[in-house]
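The values are calculated or read from the model by the stated rules, or taken from the named source; none is laboratory data. Computed from a predicted model, the values in this text were never measured in an experiment. Positions of Cβ are generated from backbone atoms using ideal geometry, with glycine treated the same way; all protein chains shown enter the neighbour counts. We work out accessible area using only protein heavy atoms, side chains counted, and drop any ligands, DNA or RNA first. Shrake-Rupley method; radii C 1.70, N 1.55, O 1.52, S 1.80 Å.
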Amino acid sequence: MPPELYYSGLWLSCSTTPPRYYHTACQLLHVFTPDRAGVAVGFLLFHPLSMPAMKSKFFLYAALLLLTQCSKCKQDDPTPEEQLPPITQTGANTFGCLVNGQVWMPKGSDGTSNFSVSYDATYAQGTLSVATYRRLGSGPNEVQTISIVSDSMRAAGRYTIRSMGRHGVQFTDRSKGCTYYLRDQITYSRGVIIIKRLDLQAGIISGQFEVTLATPGCDTIRITQGRFDKKL
């Protein structure tokens, strides 16, 4: 069987021919085969050509390879946002956000639900409580929690998060010994909760949220692209 010519970027070289003997040309017999990662790798089976034939065919083969190389063979990895559950208002029982750019969703179990929501329209002019946790491992401190607490929430709308305010997000990372409390004079908290649907008749509450949290001795936490959709 003839030797192979491997195509890599814009460099063509015969596997059995050192680069300094690049004057040997190659004739295209086959173009692509998938490698172990599922990405098509271009290769050429060749036999030596004369110099005149080389000039006309080299650019033709290179162009063919560039046009057909595997930009479509491997899908790009999804972005962190694309890995989050979709924003819905149907009671889909979903929660997700990005914590410092990393996907965060409820995970694992300690014997209780890792995502629960309650709403009491009769207390403090409408009280919302969202509680979630994410197990990082099997140890007792290998867990993170996110809580959303609000009062004076009577209807769908936009509610501003501020330090010591009525609406807040609390984040705890027990593995690092850090808690960003809801109402704490030393915890910085700025953000927003947007309730998209508050339907007591259908028993559905859904919304979005973003917040920046900071407390002494711990990293600043930026929660973005937050969303939840839950049956009450």
- In the full protein assembly as shown, how much of residue 142 is accessible to a 1.4 Å probe, in Å² to the nearest 10? 70 Å²
- Query: Summing +1 for each Lys or Arg and -1 for each Asp or Glu, what net charge is found among the other residues whose Cβ lies under 15 Å from the Cβ of residue 101?
  - Reply: -4
- In square angstrom, rounded to the nearest 10, how much accessible surface does residue 173 have for a 1.4 Å probe? 10 Å²
- Message: Based on C-alpha coordinates, I'd like the Rg and Dmax of the stretch 102-232, in Å.
- Response: 14.6, 45
- Note on the structure: residue 229 neighbourhood, Cβ < 12 Å, K/R = +1, D/E = -1, net charge +4
- Query: Sorted by accessible area with a 1.4 angstrom probe, largest first, how do 164, 153, 105 fall?
  - Reply: 164, 105, 153
